[in-house]
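For reference, the structure discussed in these notes is given below.
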Amino acid sequence: MKLDISIRHFGKINTASLKLRPFTVIAGPNSSGKSFATKALYSFFNAVNKDHLAIGFFDSCNEIIMAIPSLSPFLPKFSQAERVAFEDFSFQLNMLETIKADSFERLSFMAQVTKYALLKKEIHALSVTLDTLVSVADNDALMKGLLANVEPHISELKKIVENPTEYLFSAISNSFANALKDNFQISNLADLKNYRSAADDLAQFDFAQLGSVTLKKAALTVALNPDSFAEFRQFNTIVYLESPVYWKMAAALQSVRQDKRQLSMYGWQKINYLTGVPRYVYDLLDQLSHKRKISHPIGLDQDTINAAIGGEIKLSESGDFYFQEHGYADGVGLHSTALGITNLGLISLLLKRGVLGEGSCLFIDEPEAHLHPSWQKVMVEALFELSTKGVNIIIASHSIDMMKCIENIMEREQDNLDLDAHFGINQLSADGNSVNMSDNVFKRIAAIKEDLGQSFYEMFVDSAWLG
């Protein structure tokens, strides 16, 4: 991964220029905007990494195909004209099923546009046939109602085949907007604008020649270069790790989500209320619930992590997380396990279940949380090794110990790696601005260490003066 991004007036960030590389660090004091950057980028990458054209097309096809059984009971009552129209409709739906069998996955954007353009004639014919069915069913309110439920899905198909670029940008905008609301747990996107910025300042993500995303009040506008989609869609999986506390409460969080679904199902609550739990937590729970086939093992020695924590985090058949300590037959629930073990052990679990692999992107907010300095070194070494094996690492940190570990790795690897190409070292100030933007990665990380070590220096001076 090699992306240079400018972020302005977003959350705690005023103006930030970030270099995203295979191993990316965003460092700074508390409330500098580090987490705003990582959560926003996670939300954006997730939104743009989805194949919205294929999802929209096949979902609409499924809804139309599922309507056929509901129309079948009317067959004995059909007139000759109705029968002909219904048979035409069924034939055209069968053609759509054949189209579905031809996978659109991982096609380039332009290849998708070409394929969808070839379907204009079929979708138009389906729309005309639906109009015919509606006209001949004029005397049957129930049948007209069933056909009315089909019409929005045909309209969706028409939008996709007639203007796929416009449809895609709209879908990305909606997906990104909803992801921001869910991951920041806010009701209004306008709340994400930097409160210190001027009224006419726009919150913006600028990806240089790849495009931009602009937030004006509560309206989100995506303007991406179609040729850039390959750059944004390079990730096989995208993972966001934050507080290990969430994993101690995994069963309770799943219950909260299930309650929300049930309330929505029975019409007692609207489905769009905020639960208080960021979406990225549920995203990862969903990914961990499936054990993937691993075609090409990533080659990271998980034993190093497991040896450090004295065991291994596992997932039971019933979906419960537990810690299996070396030498003991019985596991211990994460609610009785140290937070540091959870924080470090999750990396091993993600690898074992195939969630992390070549082409993945892993965000970690404060990976140092609850870790002894010696375990911080284990964490950094593991993340660096992953970054050399095709996993894109983006961490937000204010740990001077972690910065020293990263500096040591850069010194050790400077003859083996192009450090500028592999490491993106970024520093934010307390007021949300990029600082110390030297071209030299060693100077950048030295500046971060100096800033993070300032409080220790001041305490040392105070103790010397008191002595």
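Here the peptides 47-54, 141-148 are ranked by packing, the mean other Cβ count within 10 Å, and the order with the highest first is 47-54, 141-148. Counting only alpha carbon atoms, the long axis of helix 120-136 and the longest principal axis of the chain meet at about 50°. From helices alone, the chain scores -16000 deg cm²/dmol at 222 nm; the rule is -39500 (n - 2.57) for each run of n ≥ 4 DSSP H residues, then divide by the residue total. Computed from point charges on the beta carbon alone (+1 for Lys and Arg, -1 for Asp and Glu), the dipole magnitude for segment 127-168 about its Cα centre is near 60 Debye.
If R0 is taken as 30 Å, the Cβ-Cβ distance between M95 and S170 corresponds to a FRET efficiency of 0.70. Between D59 and H290, what length comes free when the chain is fully extended (0.36 nm per residue of separation minus the Cα-Cα distance, one decimal in nm)? Full extension from D59 to H290 adds 80.9 nm. Note: relative contact order over the chain, using C-alpha pairs below 8 Å and six or more positions apart, is 25 percent. Going 7 Å from the Cα of L210 along its beta-carbon direction, which residues of segment 1-28 have the amide nitrogen within less than 17 Å of the resulting point? Zone members listed by number: 1-8, 16-26. What separates the Cα centres of segment 335-351 and segment 355-412 is a distance of 15 Å. Rounded to the nearest 5, the antiparallel percentage of DSSP beta bridges internal to the chain is 60%. Taking 0.36 nm per residue of sequence separation and removing the Cα-Cα distance, the K121/L146 pair yields an extension gain of 6.6 nm. Computed from the Cβ-Cβ distance with R0 of 56 Å, the FRET efficiency linking K314 to N163 stands at 0.70. Full extension of the chain between T114 and Q80 yields a length gain of 8.5 nm, computed as 0.36 nm times the residue separation minus the alpha carbon distance.
Take the chain and mark each of the GluC sites (Glu not before Pro) that is in a DSSP loop with at most 10 other Cβ atoms within 10 Å; the longest unmarked stretch, sites excluded, is 106-316. Against the chain, whose longest principal axis comes from its Cα atoms, helix 141-162 is set at around 50 degrees. Magnitude of the charge dipole for segment 318-467, about its Cα centre and with charges confined to Cβ atoms of Lys, Arg (+1) and Asp, Glu (-1), is about 280 debye. Where does segment 304-427 land on the Kirkwood hydrodynamic radius, alpha-carbon pairs, in angstrom? Roughly 15.5 Å, rounded to one decimal. Radius of gyration over Kirkwood radius for segment 123-250, both on Cα atoms: the Rg/Rh ratio is 1.13. With respect to the chain, whose longest principal axis is taken over its alpha-carbon atoms, helix 52-65 is tilted by about 40°. Put simply, the C-alpha atoms of the chain give a gyration tensor, and the ellipsoid matching it has half-axes of 48, 26, 21 Å, longest first. Amide H contacts of Q427: A27, V435, each under 5 Å away and 5 or more positions distant or on a separate chain (H built 1.01 Å from N in the peptide plane; Pro and chain starts excluded). Dipole magnitude for the chain: computed about the Cα centre from +1 point charges on Lys and Arg Cβ and -1 point charges on Asp and Glu Cβ, it is near 640 debye.
Rg ratio for segment 53-162: its Cα radius of gyration over 2.2 N^0.38 Å, N being its residue count, equals 1.11.
Throughout, read-outs are computed from the coordinates displayed, never taken from laboratory work. As the structure is a computational prediction, the values presented were derived from the model and not from experiment. Here Cβ is always computed from backbone atoms with ideal geometry, including for glycine, and neighbour counts include all displayed protein chains.
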